[in-house]
1. Is at least one residue of the range 5-18 surrounded by 10 or more Cβ atoms within 10 Å (Cβ to Cβ), in a strand (DSSP E or B), modelled with pLDDT of 90 or more and touching a His at 6+ places or on another chain (Cβ under 9 Å)?
2. Within the range 30-37, is there a residue that is among the charged types (D, E, K, R), over 18 Å from residue 9 (Cα atoms), touching a Ser or Thr at 6+ places or on another chain (Cβ under 9 Å) and at pLDDT 90 or above?
3. Those residues that are among the acidic types (Asp, Glu) and under 10 Å from the mean Cα position of the chain (by Cα), I need them from the range 8-38; list them, please.
Amino acid sequence: MEAVLLLATIAQRFQIDLVPGYPIVPQPSITLRPENGLKVQLKQIASEASKDGKHQQVQTSY
């Protein structure tokens, strides 16, 4: 339960977008999941304390 709350708190600071053109193939099981995972781009949302007001882009894959 704490991990879910921690992840939700951290995720509020990022904009999460799918990588364009990355194929999403469903893997049927008890639950429906992507076969090769999802590739996403994380963009850090600028805080009010930030002077330049720009997003920092961080790329990662899950």
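1. Yes, there is a match, as at least one residue in the range 5-18 is surrounded by 10 or more Cβ atoms within 10 Å (Cβ to Cβ), in a strand (DSSP E or B), modelled with pLDDT of 90 or more and touching a His at 6+ places or on another chain (Cβ under 9 Å).
2. no
3. Result: 17, single match.
The values are calculated or read from the model by the stated rules, or taken from the named source; none is laboratory data. These numbers come from a predicted model, not from an experiment. As a convention, Cβ positions derive from the backbone with ideal geometry for all residues, glycine included, and neighbour counts pool all protein chains shown.
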